[in-house]
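Engineer: Have a look at the structure that comes next, please.
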Amino acid sequence: MRLNIVQRIIKTHLLEGEMKAGEIVGIKIDQTLTQDATGTMAYLEFEAMNIPEIKTELSVSYVDHNTSQTGFENADDHKYLQTIAEKYGIYYSRAGNGICHQIHLERFGLPGKTLLGSDSHTPTCGGIGMMAIGAGGLDVACVLAGLPFYFAFPKVLKVNLTGKLPQWVSSKDIILYLLELLSTKGNVDWVIEYDGRAIKTLSVPERATITNMGAELGVVSSIFPSDEITYTFLKAQGREQGWTELKAESDAEYDRIIDIDLSTLEPRLATPHSPGNINLVKNLQGTKVDQVCVGSCTNSSYKDLMAVVRMVKGRRLPSNVSFAVAPGSKQVLRMLSDNGALTDLIDFGARIMESACGFCIGNGLAPATDSVSIRTNNRNFRGRSGTLSANVYLASPETAAACAITGVITDPRNLGIEPPEISIPEKFYIDDKMIIPPDRRKKDLKIYRGPNIGNPPISEPLTQDLIGEVAIKVGDKISTDHIMPAGIRLKYRSNIPKYAEFVFESVDSTFPERCLANKRQGKASFIIAGLSYGQGSSREHAAICPAYLGVKAVIAKSIERIHWANLINFGVIPLIFADVTDYDKIKQSDELSLLGIDRAVKENNTFVIRNLSKDTDFAVKLNLSEREREILLTGGLLNLIGKKAKG
């Protein structure tokens, strides 16, 4: 068997299992990253394992989500993260240094290595040839403790790129086109490998934009070969010694191949309210625009922002448009400052935001009621921006700049100007002063814990029978943003009882109250869902908080990969309708009986649930590995680890 890039990396890191599609494998993880919205809980979980030091080659803790520090909670958690990093030998990237994925690409990522991050956009580093995977915080904590990372051995989709991008068409348009082809659902347990003559025309930042938004497809990861383009980028970062060539073997096998002729592509937009709702910019021209935001881990590189600067220089922002720019890292911000580009942005009328996630996660710059916001983000779920009624469109930096210049949705090809040609600098500005390296002498350091920090909740082992109520019924494409709001609520991420008050806040704010009422009566709560439940962010709080409220099972048409794993890690049973039409026969508040569920989880692949309210039965599938069954029976992964530690 001739191996593709994905298979080559997995083979060199394989610790458990067989390399067969669908088989559960355990691999060695070389590097980890966390960010402050998910990292606090990940490190609390790591502490609960009583491991004296981390086992990875390199781990980095980034502060990039809650940098506005509204209230004491964020600042306290950042102090916790810094002391944790000092104690256990983890690099700590301070607030203001930039977005985790942008910095990891610049300063730490290496071809051929494995990276696990407590953020769904960790595959950004696939742009330099890493096998980079997003996961829940508990999975990252386990890897820090020296355990393998377990997942289903993936099928590999080869995307063969040919031709050359036309003027005003960018790498963002490539991934938007792929989202148009594949949609945001149905791609679980796939990895995308990019190849073809046209990859030589794409710089590392362009490749990283594509691998970043692979998360919106629902795939495990996305990856490019490591070639001379990769070498040039790493050399410009002063890290060429870490470069290694990485490519598929000749005649490597793939499960599917898609050919894309780049020369046929046009500027695209993801329209409200999903990254999969794709339309051509030319079809939407003239729509009034209220806000334009350029930044996020998708499009905040030096190359991205310089393209915007070249377009807006010497112009004046229309009075009806708010325009904000957030450089992805301090490196990018400093280079824009040094070459005068920052002045050009300010002269145009831009608001310069901190190098952080900010508006992408709804942490500031919420749009006006019923307004149109054009953003270079990767997600536009309803309400994610902080305004439930806003209409958020996802665009390339070039299209976003065209909209800012004209005040309406505008195809950049119609501006009547030459497109900017931006090359990767021969040398980037390098200053790592805001990254605190590990100091092995601080193992006895006392960890700071503010009053907002609690302990990870521990679930009880699975009982023989579950009888309870459908606490909520939701439709298709329910994201983790719908389940657990970000923005101002993220400051409670280390205080589970408080954060649990906001589960499904934008969908049905009375959900927590119903669950707690069931809990007081000794009844379980269940969630009924449609297709692609739990898409989007990797935040494990979308499993932890419902579990804390007493949710024992999610019954859905389909569940996305990271959320599936997070549910199991916290003792919530993921069940799939055997017949999707049964979804329509269940109502919120129906009483369900799951008799003998413990035996079913242990031994069965199907199970029959009794709807006591309707006096009917329906079947569900338990698509569980042996390891997942063991975790659920024990009541969650932390319980299982504790049980095994006791022998």
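Engineer: Please report the relative contact order for the chain, taking Cα pairs under 8 Å with a sequence separation of at least 6, and give it as a percent rounded to a whole number. Kindly include the intermediate steps, with their values, before the conclusion.
Structural biologist: On the way: 1631 pairs, mean separation 93.8, N = 647.
Once divided by the residue count of the chain, the mean separation gives 14 percent.
Engineer: Return the distance in nm (one decimal) between the two label points of a simple spin-label model at L595 and L15, each offset 7 Å from Cα along Cα→Cβ.
Structural biologist: So the label points at L595 and L15 sit 4.3 nm apart.
Engineer: What whole-number value in cubic angstrom gives the convex hull volume per residue for the C-alpha atoms of the range 475-618? Each step should come with its number before you reach the end.
Structural biologist: On the way: hull volume 15.3 nm³, N = 144.
Per residue, the Cα convex hull of the range 475-618 comes to 107 Å³.
Engineer: How large is Rg/Rh for the range 123-241, to two decimals, with Cα atoms and a Kirkwood Rh? Don't skip to the answer; put the middle values down first.
Structural biologist: Numbers: Rg = 15.1 Å, Rh = 15.2 Å.
Looking at the range 123-241, the ratio lands at 1.00.
Engineer: Run down the aspartates and glutamates and flag those whose C-alpha is under 12 Å from the C-alpha of K602, throwing out any fewer than 8 positions away in its chain.
Structural biologist: Within the straight-line cut-off, K602 pairs with E626, E628, E630.
Engineer: Specify which residue in the list V325, I458, S120 is farthest towards the positive end of the charge dipole of the chain, using unit charges on the beta carbon of Lys, Arg (+1) and Asp, Glu (-1), about the Cα centre.
Structural biologist: I458
Engineer: Per residue, how much space in cubic angstrom lies within the convex hull of the C-alpha atoms of the range 237-363?
Structural biologist: Values: hull volume 24.6 nm³, N = 127.
In the range 237-363, the Cα convex hull volume per residue is 194 Å³.
Engineer: For q = 0.15, 0.20 Å⁻¹, what log10 I(q)/I(0) does the range 190-303 give under the Debye formula with an equal point scatterer on each alpha carbon and no solvent?
Structural biologist: -0.87, -1.37
Engineer: OK, next. From the phi of every residue in the range 472-483, what ³J(HN,Hα) in whole Hz does the Karplus formula 6.51 cos²θ - 1.76 cosθ + 1.60 yield, where θ is phi - 60° and glycine or proline is x?
Structural biologist: Result, ordered by residue: 7, 10, 10, x, 7, 6, 6, 8, 5, 5, 5, 6 Hz.
Engineer: Counting alpha carbon pairs within less than 8 Å and at least 6 residues apart, what relative contact order, in whole percent, applies to the range 1-120?
Structural biologist: Working: 151 pairs, mean separation 38.2, N = 120.
Relative contact order for the range 1-120 comes out at 32 percent.
Engineer: Let me spell out the model: positive unit charges on the Cβ of Lys and Arg, negative unit charges on the Cβ of Asp and Glu, origin at the Cα centre of the range 5-263. What dipole size does that give, in debye rounded to 20? Numbers along the way, then the final one.
Structural biologist: Numbers: 22 positive and 34 negative charges, 93 e Å.
Computed charge dipole of the range 5-263: roughly 440 debye.
Engineer: How much length is gained on full extension from K433 to S337, taking 0.36 nm per residue of separation minus their Cα-Cα distance?
Structural biologist: Details: separation 96, 0.36 × 96 = 34.56 nm, distance 1.76 nm.
Computed gain between K433 and S337 is 32.8 nm.
Engineer: Once you put a point 7 Å from the Cα of K288 and another 7 Å from the Cα of T616, both along the Cβ direction, what distance in nm separates them?
Structural biologist: Taking the simple label geometry, K288 and T616 are separated by 4.7 nm.
Engineer: Holding the Cα-Cα limit at 28 Å, pick out from K158/K200; K200/K433; K491/K621; K164/K427 the pairs that are longer than that. Spell out each step's value before the answer.
Structural biologist: Working: K158/K200 16 Å; K200/K433 33 Å; K491/K621 37 Å; K164/K427 26 Å.
In this structure, K200/K433; K491/K621 lie more than 28 Å apart at Cα.
Engineer: So, one more: I'd like the antiparallel share, as a percent to the nearest 5, of DSSP beta bridges with both residues in the chain. Please list the in-between numbers first.
Structural biologist: Working: 30 of 90 bridges.
Taking every DSSP beta bridge within the chain, about 35 percent pair in antiparallel fashion.
Engineer: In addition: Using the C-alpha gyration tensor of the chain, what are the square roots of 5 times its eigenvalues, in whole angstrom, with the largest one first?
Structural biologist: Numbers: eigenvalues 284, 149, 129 Å².
After scaling each eigenvalue by five and taking roots: 38, 27, 25 Å.
Engineer: What dipole magnitude, in Debye to the nearest 20, does the chain give about its Cα centre under +1 on Lys/Arg Cβ and -1 on Asp/Glu Cβ?
Structural biologist: Using Cβ point charges on Lys, Arg, Asp and Glu, the chain gives about 820 debye.
Engineer: Among 602-608, 141-147, 536-542, how do they line up from the highest to the lowest mean number of other beta-carbon atoms within 10 Å? The partial results should precede the final answer.
Structural biologist: Working: 602-608: 13.9, 141-147: 22.4, 536-542: 29.0.
Most protected by this proxy first, the peptides run 536-542, 141-147, 602-608.
Engineer: Near the amide H of Y92, under 5 Å away, which other amide H atoms are found, from residues 5 or more places off or on another chain, if H is placed in the peptide plane?
Structural biologist: S61, I436
Engineer: List every residue whose amide H lies under 5 Å from the amide H of L116, counting only residues 5 or more places away in sequence or on a different chain, with H placed 1.01 Å from N in the peptide plane.
Structural biologist: For L116, the qualifying residues are Q31, T32, L33, I133.
Engineer: What is the Å³ per residue value for the convex hull set by the Cα atoms of the range 435-533?
Structural biologist: About 192 Å³ per residue, rounded to a whole number.
Engineer: A further question on this structure: In the chain, if the dipole is taken from +1 on Lys/Arg beta carbons and -1 on Asp/Glu beta carbons about the Cα centre, which of M353, N380, I527 is farthest to the positive end?
Structural biologist: In the chain, that residue is M353.
Throughout, read-outs are computed from the coordinates displayed, never taken from laboratory work. This structure is a prediction, so every number in the text was calculated from the model and none was measured. FYI the Cβ positions are ideal-geometry reconstructions off the backbone, even for glycines, and counts take in every protein chain you see.
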